[in-house]
Each structure stands twice: as C-alpha cells, then as structure tokens.
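Here is the structure we will look at, set down as structure tokens.
Nothing in this text is a laboratory measurement; each read-out follows from the coordinates by a stated rule. What you see is a predicted model; the values in this text were computed from it and never measured. Heads up, the Cβs are rebuilt from the backbone with ideal geometry, glycines too, and the neighbour counts pull from every protein chain shown.
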Amino acid sequence: MVRALVFVFLVSAAIAVLAFDRPATKPSLQTQPFGTHNGKAITLYTLTNSHGVEVRAMNYGGIIVSIRVPDRNGQLADVVLGHETLEGYIPNPPYLGAIVGRYANRIANGTFTLDGKTYTLPKNDGPNTLHGGTTRTFDRVVWDGEALKNGVAFTYLSKDGEEGFPGNLRIKVTYTLTEANELMVDYEATTDKATPINVSQHSYFNLAGEGNGDILNHEIMINADRFTPVDKNLIPTGELRPVKGTPLDFTTPTRIGARIDDKYEQLVLGHGYDHNFVINSKPNQNGMKLAARVHEPTSGRSLEVWTTQPGVQFYTGNFLDGSVVGKQGHIYKRRYGFCLETQHFPDSPNHPDFPTTILKPGETFREKTVFKFEAK
Ligand code: GLA
C-alpha cells in the first residue's frame, strides 16, 4: 500500500516536473552579451516562436538586428539589412534597424517654436535636422533593456536640452513576438516640459532575404489616398495631395519598381520614393489601421504593417550606395531595402495644420505598430 502510494506520488511528481519544464507558451526569449559601448554592456535579445520566426534586437539604438521568417516552402531567411556584430553598427549612417527620434524624419531649418520660445537643433541634413540630430539620438544611445516573457522592453531618458529638445523625456519601446508571426512595437513616453516627439522603427526590409538584390520586384499596397508632397529639401509643403493619377498611387498592389524612375517631380526630388503617406483612417476594433502590405513573389513572403500612427514614410533605400557592407559580407546597394517608417508627418512642429506632435507634462504618448509576416 505504502509502496503504491509512493509510486503514485513519484509518477505525479514526474509529470508535474515535466509539465513545468516545458516552456508554458512559445514564443520565448534568450539573451546573450553583444559587446560594450562607452563602457556599457550591450545585450542581444532573441525572440522566437513555434513557427521558427526569430527576431533579434539589442539595447544599442534599440536596433532590430535580424528577423528570420519562412518562405512559402518553410525556408527561413533574414529579411532585414544589418550587421552581425555591434561594431558593424558604429556608425550606422542609414539607420539600419534603429529606433529613430526624438523627432523621426525632418525638422525644417533645425528650428521650431513652442509656447513662444524658439528652439535650435543640430543640423545633419542640409539645412534640416533629420532623425533627431547629430550626437545623442535614439539610434545611437545605449538603452536599458528588460527581458520580458516573449519580448524585450528598452527604456531611455532623453535629458532636458539633449540635441536641443526641451524636457526630460522618458521613453519605452517594447518589441513583442506573437504566435501569429507578428512583431509588435509599442512606444510609450512622458515628459516634464512640452516637447515635440515622433519616433519610428527604421528597419530596411528585403523579403527575398537581405543582400539578395534590390526590392524593385516587391509588390506594395499602401493604404493612403493622400501624401505630403515635399520641396527640394524634402520638407512637406503643407499640401495633402491625392495620390490618384500619380506614381505614388499604391492603393492597388503595384511593383515598387514600376514607376520609381518616372520623371514626376516628387520622385525626382526624393531620388525615388521617400515620402510620407497619410494613412486612410479606418481603424479596426483594436484601433489599428492597415498602413501597407508588401509581397515578394519569388519567396512568397509578405509583410503587413498596422499602426496607430497617422503617417508612414515609404523610403526605397535611394541613398544606399554600396558603401555599407552588411551581414555575410553583403554589399547594400541602392534600393536593396525598403522602409515603412510609421510616424507623424515630417516637420509637424512647423505645420500647425498637421496632427500635433507636442507631448505635454501629465500626458502619456502611446503609439503602436505591428509588422505581420506571412508566406503563400
Ligand atoms: C528617412 C529619410 C530618408 C533617409 C533615410 C535614412 O527615410 O526620409 O531620406 O534619410 O531616413 O537614410
């Protein structure tokens, strides 16, 4: 009798241990040291799910280092441009994979006025400030990383006056991988003085695999009836122009390369696509709007981008010039990657008619973008 009880006890204990040992739910997270920067430890966080999807990100610049997703035959490929080591990202002129801010995209003449005070920012793009300035910008500072069950949270305190911006801005960016092959990017920020804020994820995608040629054969649908045309410095003129009848009409799926070199003034100014599209505002029940859907016919891989943001900058890697040597020695040439940078409109602090980018003390900035991968 006692023996039987002990036996039953041992069996149930073994079952309990086994059940406990098995990961309760996929996805999961692993961490590994990835070097140091300015004496601070950099950690690489690897998120995986049960479909073999794997996302790697690090606390230097909040950079997404790799995204491995299956093609229609289950073959995995890394679909973002980047580097194998931390050193490869220092410097990172194209902002490969990085979080950009405090103000993503351009601020005209590096200046804006807020509550009667004029602020001057460092210029790094002709007369403009691009992606937050020159030195302590979000793409090149060390964030604090916190491992979560199926994701990672990066936090950073951007100090009052840093890169010319007012207020101590506390920002948190969370990457989460789901079983539905979605990479969710959640942004949250607070400030102690009113400040403009515009943050975005600057991954360059090539759904055929990074380094595997240009992206001109990808087909893209952008859910936008209007875009913000730019002047010669790529600053919005203020107009919201219908895409209809222009080479920026992607309301039905179209090859990226079909019209990219048309002599349309906006494409000439952008050297291709480098434009903010006004996302059609019909959110689903979760408050998310479809920004774009991209399909790569050879691999069958596709990417959907959903967001709470009002705009998406579609950039076709026009400034990649072969000077960046990336993963596996791949040379990243012109148009080898495309970006879908969900964000507020460029230069909003100087355009009172655009949706506001001013965050005030007591408010919480919250935005969300989802990158969803499929293959068929
Ligand atoms: C954004 C800009 C582009 C370019 C890239 C980075 O997409 O709009 O013009 O600066 O970032 O090179």
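With the Cα gyration tensor of the chain giving a ≥ b ≥ c as the square roots of its eigenvalues, does the rule (a/c under 1.5 for rounded; else a/b larger than b/c for prolate; else oblate) give rounded, prolate or oblate? Prolate, because a/c is 1.5 or more and a/b exceeds b/c. Using the Cβ-Cβ distance between Asn284 and Asp192 with R0 set to 45 Å, the FRET efficiency from 1/(1 + (r/R0)^6) comes to roughly 0.85. Among the GluC sites (Glu not before Pro) found in region 120-199, those both in a DSSP coil and sparsely packed, with 13 or fewer other Cβ atoms within 10 Å of their Cβ, are Glu179. Placing unit charges on each Cβ (+1 for Lys and Arg, -1 for Asp and Glu) gives the chain a dipole about its Cα centre, and among Gln328, Pro27, Leu240 the Cα reaching farthest toward its positive end belongs to Pro27.
Basic side chains Lys and Arg get +1 at the Cβ, acidic Asp and Glu get -1 at the Cβ, and with that the dipole of region 150-194 about its Cα centre reaches some 160 debye. Computed extension gain for Arg366 through Asp160, at 0.36 nm per residue and net of the alpha carbon distance, reaches 72.1 nm.
For region 78-141, applying the loop criterion from DSSP together with a ceiling of 16 other beta carbons within 10 Å to the trypsin sites (Lys or Arg not before Pro) yields Lys123, Arg136. Taking a straight Cα-Cα cut-off under 17 Å and skipping sequence neighbours fewer than 8 places away in the same chain, the aspartates and glutamates within cross-link reach of Lys289 are Glu182, Asp186, Asp225, Glu304, Glu341, Glu367. Across the options Gly74, Tyr95, Val142, the greatest Cα extent toward the positive end of the charge dipole of the chain (unit charges at beta carbon of Lys, Arg, Asp, Glu) belongs to Gly74.
Each of Arg72 and Thr120 was given a label point 7 Å from its Cα along the Cα-to-Cβ line. The distance between the two points is 5.8 nm.
Pairs of alpha-carbon atoms within less than 8 angstrom and 6+ residues apart define the contacts here; what relative contact order does the chain have, in percent? Value for the chain: 17 percent. The angle separating the long axis of helix 2-21 from the principal Cα axis of greatest extent in the chain is about 10 degrees.
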